[in-house]
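Accompanying notes for the structure given below.
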Amino acid sequence: GQQLNQSPQSMFIQEGEDVSMNCTSSSIFNTWLWYKQDPGEGPVLLIALYKAGELTSNGRLTAQFGITRKDSFLNISASIPSDVGIYFCAGRISSGSARQLTFGSGTQLTVLP
Amino acid sequence: DAGVIQSPRHEVTEMGQEVTLRCKPISGHDYLFWYRQTMMRGLELLIYFNNNVPIDDSGMPEDRFSAKMPNASFSTLKIQPSEPRDSAVYFCASSLWRETHNEQFFGPGTRLTVL
């Protein structure tokens with residue numbers, strides 16, 4: 001099946017620092033989504049990207065749809081303690097009837113005070 | 001909107017018992033997805049429905065797993081008989097398909113423990 005490589009697997013940063021994580025795929029995607037999951041909860045959608053080269057912001061979060069359509073990154077600026085959690089990328093392949101998403105393995109973010 | 005609703009939030013059962021997980025998608029959404037999340041395998045798609053019809057069940061691990069969607073506002077995932085290796089968090093998600101906006105919204109999940 002499709003595979004997404006998400007990196008890094010985990011990050012430990014100081015409060016106030018910026019964070020960057022990314023996902024790459026061997027397949028061309030027409031959709032990239034970024035989710036955050038808190039312990040004991042379901043993934044919550046942060047940003048959705050639908051066009052190659054698209055750069056979208058949501059508060060301190062910025063995500064980009066790679067121009068090759070095989071990658072995406074998520075940046076978090078000026079991190080705060082509530083940014084702690086697992087961040088997942090998800091993509092949908094560029095194939096007519098496909099509706100399912102492929103998920104990355106997640107980036108565990110820890111913000112140190 | 002209440003979002004995707006799942007019940008129960010936690011289920012503890014003994015091996016061999018039947019388990020039924022329930023999901024109410026967001027009103028108006030035409031796609032419903034069932035996922036399983038484990039530390040080892042991450043988020044795996046089990047099955048998804050479009051307008052209550054199963055479209056792709058290739059992720060269902062075994063015949064012990066079955067899913068139904070009798071109407072647009074309710075779906076079940078059943079495991080019979082359950083085994084310890086089925087222990088995981090099961091998520092339901094729904095979406096409204098539009099070409100340029102088709103995000104999936106997840107429920108809070110059901111944490112299943114099979115003893």
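Which ones in the range A:15-72 are of a type in the set (A, V, I, L, M) and more than 23 Å from B:W34 (Cβ to Cβ)?
Residues satisfying the conditions are A:V19, A:M21, A:I28, A:I47, A:L49, A:A52, A:L55, A:L61, A:A63, A:I67.
Of the numbered conditions (1) within 14 Å of chain B (Cβ to nearest Cβ); (2) closer than 21 Å to A:T110 by Cβ; (3) buried (at least 16 other Cβ atoms within 10 Å of the Cβ), A:E41 fails exactly one; give the number of that condition.
Condition (3) is where A:E41 drops out.
Collect the residues in the range B:48-66 that are buried (at least 17 other Cβ atoms within 10 Å of the Cβ) and within 23 Å of B:A2 (Cα to Cα), keeping them in residue-number order.
Within the range B:48-66, B:Y48, B:F49 qualify.
Of the residues that make up the range B:88-110, is at least one hydroxyl-bearing (S, T, Y), away from chain A (no Cβ under 14 Å) and outside any helix (DSSP H, G or I)?
no
Just need a number here: residues in the range A:55-113 that are of a type outside the set (A, V, I, L, M) and not in a strand (DSSP E or B). Even if it seems obvious, please write down each step before you answer.
Looking only at the range A:55-113, we keep the residues that are of a type outside the set (A, V, I, L, M), and these are A:56-60, A:62, A:64-66, A:68-73, A:75, A:77, A:79, A:81-83, A:85, A:87-89, A:91-92, A:94-97, A:99-100, A:102-108, A:110, A:113.
Next cut, not in a strand (DSSP E or B) only: A:59-60, A:66, A:68-70, A:77, A:79, A:81-83, A:94-97, A:99-100, A:104-106, A:113.
The qualifying residues number 21.
Considering only residues that are aliphatic (A, V, I, L, M) and surrounded by 21 or more Cβ atoms within 10 Å (Cβ to Cβ), look in the range A:49-74 and name the one that is farthest from the other protein chains (Cβ to nearest Cβ).
Result: A:L74.
Return the residues of the range A:30-61 that are over 10 Å from the mean Cα position of the chain (by Cα) and among the β-branched types (V, I, T); say none if nothing qualifies.
Within the range A:30-61, A:T31, A:V44, A:T56 meet the criteria.
Taking only the range A:90-103 into account, find how many residues are more than 11 Å from every other protein chain (Cβ to nearest Cβ) and touching a Leu at 6+ places or on another chain (Cβ under 8 Å).
Final tally of qualifying residues: 1.
Just to be sure I understand the filter: pairs with C-beta atoms under 7 Å, separated by 6 or more residues or on different chains, first member in the range B:22-37 and at positive phi, second member of a type outside the set (D, E). Which pairs pass?
B:G28/B:L96
Each value in this text was obtained by applying a stated rule to the coordinates, not by laboratory testing. This structure is a prediction, so every number in the text was calculated from the model and none was measured. Don't worry about glycine lacking a Cβ; one is built from the backbone with ideal geometry, like all the others, and counts go over all protein chains shown.
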